[in-house]
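Note sheet for the following structure.
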Amino acid sequence: MENTPLSVSIIAFNEEANLPDCINSLTFADEVVVVDSGSSDNTVQIASSLGCKVFVEPWKGHSEQKNSAVSKCSHQWVLSIDADERIPAETKEAIIQALRQPKAEVYRFPRKNHIHNRWLKGGDFWPDWQIRLFKKTSGRFCYSPHERWITQSKVETINCPIVHYSFRDYSHMVEKMNQYSSIAAAELMRAGKRYSVLTPFIHGFAMFVKIYIQKRGFLDGLDGFVNAMLKAGGSFLKYAKLLELQEQGNQRPQTK
């Protein structure tokens, strides 16, 4: 049976360390589209040298950047992955088999998240279901910073993982926490959300309990504890930064 053509979409910014291994895991795809948002390293040159179709455009937010990458794909079926993700051989074969006779227009995968080259099995890191294989017409990416493919179509499961090298180290986790909490606070501000001074404390504590105890983050040792603490810190900061933005808005001089 003839294989269904497949495009891969990737968004990138300063990903020269990750991109070669990512692209080399995608040899089964018919094309790889990379949308770069102005990297200052060799991301664009590496992607071009590895045969990708490369576009450079301003950053529009996680969802809109991914939607832009999907729109540039030539084929109806798209696999959307991040530069720090890899497609193992077993997952490659599962994707090829699924596309020979598709049972749905949308497929999800479990994702193995790693830090210090260790797979994190507790907390919110597993199975971490992600919709990544779909027909372009079946939906679109929404939300920021944790964008998701939103669809009304039936979602089938491919029980083979995507491998995600989530964080280089704890400093990288802190950077991500600070970045994502700022984005989330700005999103809440734009949506007109308002909370009390107690909200950061309540959400931060609840997030720690959820990740470390309810989702058994303690099974991952120190990595699991650090993850729970930083997820709690990120939740705390999201609402604290929102209160800060609200205060700054209240202090702006009124224009006549």
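Given Ile115, Ile131, Ile87, which one is among the hydrophobic types (A, V, I, L, M, F, W, C), at pLDDT below 95 and not assigned by TED's automatic domain parsing to the domain that holds Ser235? Every option except Ile115 fails the conditions. Applying the selection to segment 160-188, what residues are assigned to a loop (DSSP other than H, G, I, E, B) and either crowded, with 16+ Cβ neighbours inside 10 Å or touching a residue at least 60 places away in the same chain (Cβ under 8 Å) (or both)? Listed by number, the residues that qualify are Cys160, Pro161. Regarding segment 141-152, can at least one residue be identified that is of a type in the set (Asp, Glu) and at pLDDT below 90? Yes, some residue in segment 141-152 is of a type in the set (Asp, Glu) and at pLDDT below 90. Among the residues that make up segment 45-59, is at least one of them modelled with pLDDT of 95 or more, buried (at least 16 other Cβ atoms within 10 Å of the Cβ), of a type in the set (S, T, N, Q) and over 15 Å from Asp84 (Cα atoms)? No - not one qualifying residue is present in segment 45-59. Is there a residue in segment 95-106 that is of a type outside the set (A, V, I, L, M, F, W, C), surrounded by 16 or more Cβ atoms within 10 Å (Cβ to Cβ) and either out of contact with any Cys (no Cβ under 9 Å at 6 or more places or on another chain) or over 22 Å from Asn24 (Cα atoms) (or both)? Yes, the conditions are met somewhere in segment 95-106.
Quick check on my filter: what residues within segment 143-154 are in contact (Cβ under 8 Å) with a residue 24 or more places away in the chain and either surrounded by fewer than 14 Cβ atoms within 10 Å (Cβ to Cβ) or among the polar types (S, T, N, Q) (or both)? Within segment 143-154, Tyr143, Ser144, His146, Thr151, Ser153, Lys154 qualify. Among the residues here, Thr157 qualifies as surrounded by fewer than 17 Cβ atoms within 10 Å (Cβ to Cβ), in the same structural domain as Ser74 (by TED's automatic domain parsing) and at pLDDT 95 or above.
The values are calculated or read from the model by the stated rules, or taken from the named source; none is laboratory data. This structure is a prediction, so every number in the text was calculated from the model and none was measured. Cβ atoms come from the backbone with ideal geometry, glycine included; neighbour counts cover every protein chain shown.
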